[in-house]
Each structure stands twice: as C-alpha cells, then as structure tokens.
Amino acid sequence: MAYETIILEHHETVLLIRLNRPEALNAINGKMLKELCSVLEKSSNDVNVRVIILTGSEKFFAAGADIKEMEKKNSTEMYLDDYFTKEHNVISSFRKPIIAGVSGYALGGGCELAMMCDILIASETAKFGQPEINLGVMAGIGGTQRLPKSVGKYKAMDMHLTGRYMDAQEAERVGLVSRVFPEKDFEIKIIEIAKKISEKSMSSIIAIKESINFSYESNLSSGIIFERRKFHSLFSTEDQKEGMAAFVEKRTPKFSDR
Ligand code: CAA
C-alpha cells in the first residue's frame, strides 16, 4: 500500500517508519496519524515485524501537530473529533517495541509522539521542546503527563511554561533519551539496537514492555483524559486564534488573556 506521509523501510524484521512531510517539517496531521496507525495495526499480527523504528529526517523528527490544520477549530470541534485520541491509543498500546530515533526538531506533538515510544534515542542535532504555550494553548497528546515522569516536575514545568528547547546532551542528562549518537552513523546505530532486540524472545519482549508500562502508567490514563479536556477547551480562547494565526502569518502573537 502506498502512503503519502510516511515511508517504510524493512531491515530484516525491523520496520523503519520515516515521517515524511518535509514541506511542513513533518508536522503531524490527521492523514499522517491515520497512516501511522494503519501500519501499526498491520504490523501487530505480522510475524515478520518484531521491532519498529519511528524516525524523521536529519533536520526534523516532527515540528509538532499541524498548526494549519488546527488553527480554525473551536473547542466543540476538537471535543467532538476527539482530536488524536484514537491514534494516541493505537500507538501507546502497540505491543511490540517502538524505538523513536530523533534527529533535529521534536517539538510539541513531535516530542509527545517520541515519548509515546518505548526507547528514545537521539542524534547530536536533536532538539526537544513543548512550545505550545507560544501558540496560546498547551500540550494535548501526553506532554504534560509523560515529560514530568521522565525528567521530573521542575524541568517539565520549565519546558512547558517557557517553551524553550532542550538539546540532545541535556535530554540524555535528564533521562529523556537513553543514548545519543553522532549524526553520521545515527540510523545505523538505531537499526543495530532494534535488530539486537528483535533477536530476543517475543514473549519476554512483550512481558517486559507491559510490566514497565504498568509501573509507568498507573496514573497516566486519568492524567491524559484531564489534559485532553483542558487542551480541547483552549480552542475556545481568543489567544488560541491569535497564537496560531500569528504563527501562520509569521508575526509575534499579541495575547489578551481572553
Ligand atoms: N504545523 C504546520 N506547519 C508547520 C509547523 C507546524 N507545527 N512547523 C513548521 N511548519 C511549516 C511552516 O509553516 C513553514 O511552512 P511555509 O514554508 O509554508 O511557510 C515550513 O513548515 C517551514 O517552517 P519554518 O519556516 O518555520 O522553518 P524554520 O526553520 O524557520 O523554523 C521551527 C523551524 C522552529 C521548528 C518552526 O517551524 C516552528 O516553530 N514550528 C512550530 C513548532 C510548534 O509550535 N509546535 C507545536 C505545535 S502545536 C502541538 O503540537 C499541539 C499538541 O500538543 C498536540
């Protein structure tokens, strides 16, 4: 099947999924999420796929959810569409391991997508951030729940409230990524790691994954629902309209607290 927003590469039993919307720095739109979920759904029962790598290009993993797709939506539409909920659930409940290989920008929904994976590996050029506050909104697919679990409350508050970016070294130091490799052999290294995992017993792999996630996620589900309601409701503010319009018009937003 041909996909528009992702490219698939098979490396023995490792399936590498490359996000591919270069014109929008791999911004995640509905189509990309649908395609990603369709591949995961097919891979779940495919014995030839044992480990997945989710990656982007050298310069960008993903620069967030697609602002142009969200810009005009109001909170009712976000709520009724249940924006990204189904896709979040497909990715986060996928049973086989997913390694996020992050090079360049992983911002907003891009950082959140990487954090839905099981292992996060960065190249030296990676930049992580939750800059949604600059758009008059907040993270909406797990960022306020997963980031503090990885880096602690204070670093997570800093990232979400200032919208600043974290480089690969800082991300490794605080535990957001497990390893950092130079850009030149980055993909070779992630594929090596994925192949090493693919040689283990699938029962062990799945049991370990379920077990670690059980400890990690005991309170996460209620947090995600809480976050989602807040995120959707921000689409009734004037500041969301202003923040997203300013981005599209390439100007500084003027927030009014309305
Ligand atoms: N959505 C839609 N389009 C995007 C985008 C996004 N998240 N990020 C970049 N683009 C588009 C730009 O609009 C631009 O398109 P045009 O050429 O048509 O103007 C193109 O990609 C290239 O982007 P820039 O010219 O801005 O590239 P740059 O190198 O100057 O800057 C950047 C790179 C710092 C990543 C900048 O693009 C940026 O700040 N992007 C937005 C990051 C962001 O705010 N992400 C959060 C999104 S909201 C979210 O993710 C909500 C959630 O939690 C679910």
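The values are calculated or read from the model by the stated rules, or taken from the named source; none is laboratory data. Everything quoted here is computed from the prediction, not taken from an experiment. Cβ sites come from the backbone with ideal geometry, for glycine too, and all protein chains shown count toward neighbours. Just so you know, the surface numbers come from the protein's heavy atoms only, side chains and all, with ligands and any DNA or RNA stripped out. Shrake-Rupley method; radii C 1.70, N 1.55, O 1.52, S 1.80 Å.
A few notes on this one:
- Computed from phi, the 3J(HN,Hα) profile of the stretch 137-149 under the Karplus parametrisation 6.51, -1.76, 1.60 (θ = phi - 60°) reads 10, 8, 4, x, 10, x, x, 7, 9, 7, 4, x, 5 Hz, with x in place of Gly and Pro.
- Taking amide H positions as modeled 1.01 Å from N, with prolines and chain starts lacking one, the residues under 5 Å from Met166 and 5 or more places away or on another chain are Phe128, Gly129.
- Only the Cβ atoms of Lys and Arg (+1) and of Asp and Glu (-1) were treated as charged; on that basis the dipole of the stretch 202-248 about its Cα centre amounts to roughly 120 debye.
- Whole-percent carbon and sulfur share, accessible surface of the stretch 136-258, 1.4 Å: 57
- Per residue, the solvent-accessible area of the stretch 6-198 (1.4 Å probe, heavy atoms of protein chains only, all protein chains present) comes to 42 Å².
- Shape category assigned to the stretch 202-248 from the gyration tensor of Cα positions, a/c cut at 1.5: prolate
- Pairs of Lys in the stretch 1-90 closer than 21 Å at Cα, counting only those 8 or more apart or on different chains: 14
- Translational diffusion coefficient (Stokes-Einstein; Kirkwood radius from C-alpha pairs) of the chain at 4 °C, 1.567 mPa s, in µm²/s: 70
- The stretch 112-258: translational diffusion in µm²/s, Stokes-Einstein, Kirkwood Rh over Cα pairs, 25 °C, 0.890 mPa s: 142
- Sequentially through the stretch 47-58, phi angles give Karplus couplings (6.51, -1.76, 1.60; θ = phi - 60°) of 5, 7, 10, 10, 9, 10, 10, 10, 9, x, 10, 4 Hz, Gly and Pro residues having no value and appearing as x.
- Across the protein chains, with a 1.4 Å probe defining accessible surface, the residues Arg50, Arg146 rank Arg50, Arg146 from largest area downward.
- Computed about the Cα centre, the dipole magnitude for the stretch 153-193 is approximately 240 debye when only Lys and Arg (+1) and Asp and Glu (-1) carry charge, each at its Cβ.
- The distance linking the stretch 16-64 with the stretch 181-258 is 13 Å (Cα centroid to Cα centroid, whole angstrom).
- Note on the chain: with charges restricted to the Cβ of Lys and Arg (+1) and Asp and Glu (-1), its dipole about the Cα centre is near 340 debye.
- To put it simply, the accessible area of the stretch 1-89 at a 1.4 Å probe is 52 percent carbon and sulfur.
- With all protein chains kept in place, the per residue accessible area of the stretch 199-258 amounts to 67 square angstrom at a probe of 1.4 angstrom.
- Amide hydrogen neighbours beyond the local backbone of Phe255, cut-off 5 Å, H modeled: none
- With the helix formula -39500 (n - 2.57) applied to DSSP H stretches of n ≥ 4, the chain reaches a computed 222 nm mean residue ellipticity of -14000 deg cm²/dmol.
- Cα point-scatterer Debye curve for the stretch 17-146, base-10 log of I(q)/I(0) at q = 0.12, 0.15, 0.21 Å⁻¹: -0.43, -0.67, -1.32
- For Tyr79, the solvent-accessible surface computed with a 1.4 Å probe is close to 120 Å², ligands and nucleic acids excluded.
- Selection among Gly152, Met116, Ile225 by position relative to the dipole of the chain gives Gly152 as farthest towards the positive end (Cβ unit charges, Cα centre).
- Amide H contacts of Phe60 (H built 1.01 Å from N, under 5 Å, at least 5 apart or other chain): Tyr105
- Residue-level accessible surface for Ile208, protein heavy atoms, 1.4 Å, Å²: 100
- What the phi angles of the stretch 183-200 give under the Karplus curve with 6.51, -1.76 and 1.60, with θ = phi - 60°, is a coupling list of 4, 5, 10, 4, 5, 4, 5, 5, 5, 4, 5, 4, 5, 4, 5, 5, 7, 7 Hz, glycine and proline written as x.
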